[in-house]
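Working notes, structure below.
The values are calculated or read from the model by the stated rules, or taken from the named source; none is laboratory data. Being a predicted model, the structure only gives us computed values, none of them experimental. Backbone-built Cβ (ideal geometry, glycine too); neighbour counts: all protein chains shown. When the accessible area is computed, the model is the full protein with side chains, heavy atoms only, and any ligands, DNA or RNA have been set aside. Shrake-Rupley method; radii C 1.70, N 1.55, O 1.52, S 1.80 Å.
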Amino acid sequence: MRLSRYFLPTLKDNPAEAQIASHRLMLRAGLIRQEAAGIYAWLPLGLRVLENIERIVREEMDRAGALEILMPTLQLADLWRESGRYDAYGPEMLRIRDRHERELLYGPTNEEMVTEIVRAGVASWRDLPRNLYQIQWKFRDEQRPRFGVMRGREFLMKDGYSFDLDEAGARRSYQRMFVAYLRTFARMGIRAIPMRAETGPIGGDLSHEFIVLADTGESDVYCNRRVLDLPIPAANVDYDGDLESIIRDWTSLYAATSDVHDAARFDAEVPEADRLRTRGIEVGQIFYFGTKYSDPMRAVVTMPDGSARKLHGGSYGIGVSRLVGAIIEASHDEGGIVWPDAVAPFDVGVVDAKSGDEATASACTHIVARLEAKGFSVLHDDTDVRAGAKFANMDLIGLPWQVVVGPRGLAAGTVELKRRASGERIELTPDAAIARLVETRMVRKPA
Ligand code: ATP
Ligand code: MG
């Protein structure tokens, strides 16, 4: 992609309204544009990141046996009256009327709708268990939308829902999602710690929030710092097998959000040197809620003996758009964003350090073509600005690798390869630079 033909409205100065680094950097790097309080348009560079995050979420959900669906954003109020939540939900819910005066709402979550779908689509015990998920926009009229996409009003969520015959089955479904979440966040280059959590308006009796530690996070959390070193389950984890031991490893060390924190237990269980009291960003939450929805909504299946059995449910959220901010909070420096390889909007930035120079221009074009042929996504800065500004811009947008092509190097047969995260630069021939990138291949998608 040529930058001269791209849409990348970057800002030189820090926008006054942005209080935290990720919000500042997302505006400055031209990832998003605010359209109303807590409502954002995703620009080309930001959308690429969002889509990379979505892709990882899908791959890990599918691997764990969940099935993707897509439910509408608008829901009938009457559906929510079945569960009793229409009146209970409060002012965060955006309530709408259509031309026939029918009451609708813009979904803040989808337990009722998915229960309705499953109620209609499963009949017998043979049809369970099932886990259905979607990646869909939500609306919550937050009292204080802030920190950009971290606490938006309209935001993108992965919401998944499991249905089982009994509590034991539902707990296994919960464990599958627990493990899938560990893998999902690790693949994005961040560490999200599962912490015991309150169940809130979703209801139920078992819940974990997945928390990225960050001073700018809105949650107060308490954990044993050894939880930071636990190994992430491998890609070949057997989701049909016994996940107990993984769950035990991750839940036996103290980790709790402030809502369920027990100071006496924390002090008793965790050696003083390992006590971590800090703040974090909630990037996901999982719940087991039993028959909370199947009860009032009469979602049942027929058992082998002909009796009716209520479904046991769980729900599993990931803040897809919030993750873009959370990843930046966890990975940036004075120069700008430092994208983890797996979510970066482009793998490589190729910088023509001397605009107007035919030799550097054609060398860049050639290098870009060869990188693209090897499956790398490349942003080629062919614009007509001075080199210093191009370098600052590349650092700001945070692509993992930069290839800088200047006239002096080119005369000597070399280009400069820079790793954004470490700042390390080496001079080498274009061939060697491409070979090096292939070697350290972080290419996510086969070409
Ligand atoms: P919070 O406590 O931050 O308000 P929540 O517990 O109400 O979030 P859930 O119902 O658990 O949110 O939703 C699942 C996920 O959706 C959350 O873990 C979070 O990552 C994301 N999310 C929730 N509210 C917002 C929001 N206003 N803006 C962006 N992402 C959000
Ligand atoms: Mg939550």
Considering only the stretch 224-253, how many residues are open to solvent by 40 Å² or more (accessible area, probe 1.4 Å), part of a loop (DSSP other than H, G, I, E, B) and of a type in the set (G, A, S)? 2
List every residue pair whose Cβ atoms sit under 8 Å apart, with the two residues 6 or more apart in sequence or on different chains, where the first one lies in the stretch 254-270 and is in the same structural domain as D229 (by TED's automatic domain parsing) and open to solvent by 40 Å² or more (accessible area, probe 1.4 Å) and the second, anywhere, is part of a helix (DSSP H, G or I) and of a type in the set (S, T, Y). none
When V227 is evaluated against the numbered criteria (1) away from ligand 1 (no atom under 14 Å from the Cβ); (2) touching a strand residue (DSSP E or B) at 6+ places or on another chain (Cβ under 9 Å); (3) β-branched (V, I, T); (4) farther than 28 Å from A344 by Cβ, which criterion, by number, is the only one it fails? (4)
Of all residues in the stretch 231-277, which are polar (S, T, N, Q) and over 21 Å from F210 (Cβ atoms)? N236
When (1) open to solvent by less than 70 Å² (accessible area, probe 1.4 Å); (2) touching a residue at least 24 places away in the same chain (Cβ under 8 Å); (3) closer than 24 Å to N52 by Cα are applied to R419, the one that fails is (2)
Within the stretch 23-40, is there a residue that is under 22 Å from K138 (Cβ atoms), surrounded by 16 or more Cβ atoms within 10 Å (Cβ to Cβ), of a type in the set (D, E, K, R) and outside the structural domain of K390 (by TED's automatic domain parsing)? no
Of all the residues that make up the stretch 329-385, how many are polar (S, T, N, Q), open to solvent by less than 40 Å² (accessible area, probe 1.4 Å) and more than 23 Å from the chain's Cα centre (by Cα)? 2
Would you confirm, using the coordinates I've provided, whether R408 is outside any helix (DSSP H, G or I), of a type in the set (K, R) and loosely packed, with under 15 Cβ neighbours inside 10 Å? no
So, of the residues in the stretch 283-300 that are surrounded by fewer than 21 Cβ atoms within 10 Å (Cβ to Cβ) and β-branched (V, I, T), which turns out to be farthest from R187 (Cα to Cα)? V300
When you go through (1) of a type outside the set (G, A, S); (2) touching a helix residue (DSSP H, G or I) at 6+ places or on another chain (Cβ under 6 Å); (3) under 30 Å from R28 (Cα atoms) one by one for P108, which number turns out not to apply? (2)
Only one of (1) buried (at least 21 other Cβ atoms within 10 Å of the Cβ); (2) closer than 10 Å to Y222 by Cα; (3) more than 14 Å from ligand 1 (Cβ to nearest atom) fails for R277. Which number is that? (1)
Taking the conditions exactly as written (away from ligand 2 (no atom under 16 Å from the Cβ), in the same structural domain as W125 (by TED's automatic domain parsing) and surrounded by fewer than 24 Cβ atoms within 10 Å (Cβ to Cβ)), does G189 satisfy them or not? yes
Cβ-Cβ distance below 7 Å, separation of 6 or more or different chains: which pairs start in the stretch 368-385 with a residue that is over 19 Å from V415 (Cα atoms) and end on one that is open to solvent by 10 Å² or more (accessible area, probe 1.4 Å) and among the aromatic types (F, W, Y)? none
Note on the stretch 301-337: residues among the hydrophobic types (A, V, I, L, M, F, W, C) and either within 16 Å of ligand 2 (Cβ to nearest atom) or in contact with a helix residue (DSSP H, G or I) (Cβ under 8 Å, 6 or more places away or on another chain) (or both) are V301, M303, L311, I318, V320, L323, V324, A326, I327, I328, I337
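Does at least one position in the stretch 157-165 carry a residue that is outside any strand (DSSP E or B), within 16 Å of ligand 2 (Cβ to nearest atom) and open to solvent by 10 Å² or more (accessible area, probe 1.4 Å)?
Within the stretch 157-165 (the criterion being outside any strand (DSSP E or B), within 16 Å of ligand 2 (Cβ to nearest atom) and open to solvent by 10 Å² or more (accessible area, probe 1.4 Å)), the answer is no, since none of the residues qualifies.
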How about the stretch 1-107: which strands (runs of 3 or more DSSP E) wholly inside it have at least 1 residues that are among the charged types (D, E, K, R)? 32-36, 94-97, 103-106
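Would you point out which residue out of V343, V338, V348 is among the aliphatic types (A, V, I, L, M) and in contact with a Leu (Cβ under 7 Å, 6 or more places away or on another chain)?
V348
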